[in-house]
Amino acid sequence: MATIFTRIINREIPGEILAEDDRFAAFLDVRPIRPGHTLVVTKAETDYLFDLDDARLGGLLPFAKQLTGPIERATGCTRVGVMVAGLEVPHCHVHLVPMDAIADLDFAKAAEAPADELAAMATRIRAEM
């Protein structure tokens, strides 16, 4: 069965997709730690980051990097933190989290975001791209 990330990529379920190419996609997390929290995923369903082939692993952060400036400008954060946890969904992904302090990278703060707030944030980030 396809992961929830594949279903978002395939537009089977809603998601605020910010960027994509043939190997990766980026979309807003529906349970953000902070507004603008973005997931960067591989389009291939690989569970564990270090099971990726070297080319895909080597391309993941450069793809993510293109989103950091737009996220910073749209949210006004000091910088974008990067986390790889890898246990929430069995599909390789990195978290890009707007942050002003290390405490901003606390997953205990994650809460469901209303669809209209996600859409508004996606519009703000896309406008900065």
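The values are calculated or read from the model by the stated rules, or taken from the named source; none is laboratory data. Quick caveat: nothing in here was measured; it's all calculated off a predicted structure. For neighbour counting, all protein chains shown are included, and Cβ atoms are generated from backbone atoms with ideal geometry for every residue, glycine included. Remember, those area values only see protein heavy atoms, side chains included, never the ligands or the DNA or RNA. Shrake-Rupley method; radii C 1.70, N 1.55, O 1.52, S 1.80 Å.
Yes or no, residue by residue, for (1) open to solvent by 60 Å² or more (accessible area, probe 1.4 Å); (2) outside any loop (DSSP other than H, G, I, E, B); (3) modelled with pLDDT of 95 or more; (4) of a type in the set (A, V, I, L, M):
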site: Asp22; (1), (2), (3), (4): yes, no, yes, no
site: Pro35; (1), (2), (3), (4): yes, no, yes, no
site: Val41; (1), (2), (3), (4): no, yes, yes, yes
site: Leu60; (1), (2), (3), (4): no, yes, yes, yes
site: Thr68; (1), (2), (3), (4): no, yes, yes, no
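Whenever a residue of the range 60-78 is over 22 Å from Phe50 (Cα atoms) and in contact (Cβ under 8 Å) with a residue 40 or more places away in the chain, its partners that are in a helix (DSSP H, G or I) and open to solvent by 10 Å² or more (accessible area, probe 1.4 Å), lying with C-beta atoms within less than 6 angstrom and at least six residues away or across chains, give the pairs Pro70/Glu128; Arg73/Glu128; Ala74/Arg124; Ala74/Glu128.
Of all residues in the range 70-118, those satisfying the criterion of being basic (Lys, Arg) and either in a strand (DSSP E or B) or modelled with pLDDT of 95 or more (or both) are Arg73, Arg79. All conditions in (1) in contact (Cβ under 8 Å) with a residue 40 or more places away in the chain; (2) within 13 Å of the chain's Cα centre (by Cα) hold for Val82, with the sole exception of (1). Entry remark, the range 19-60: residues being in contact with a Phe, Trp or Tyr (Cβ under 6 Å, 6 or more places away or on another chain) and more than 18 Å from Gly86 (Cα to Cα) number 0 in total. Please verify whether the range 44-57 includes one or more residues that are touching a residue at least 12 places away in the same chain (Cβ under 8 Å) and under 24 Å from Ala111 (Cα atoms). Yes - at least one qualifying residue is present in the range 44-57. One residue stands out in the range 1-20 among those that are open to solvent by 70 Å² or more (accessible area, probe 1.4 Å) and assigned to a loop (DSSP other than H, G, I, E, B): the one that is farthest from Arg124 (Cα to Cα), namely Met1. For Met121, the conditions (1) in contact with a Pro (Cβ under 6 Å, 6 or more places away or on another chain); (2) at pLDDT below 95 all hold with the exception of (2). Here Cys92 fulfils each of the conditions (1) touching a residue at least 40 places away in the same chain (Cβ under 8 Å); (2) within 22 Å of Asp22 (Cβ to Cβ); (3) surrounded by fewer than 17 Cβ atoms within 10 Å (Cβ to Cβ) apart from (3).
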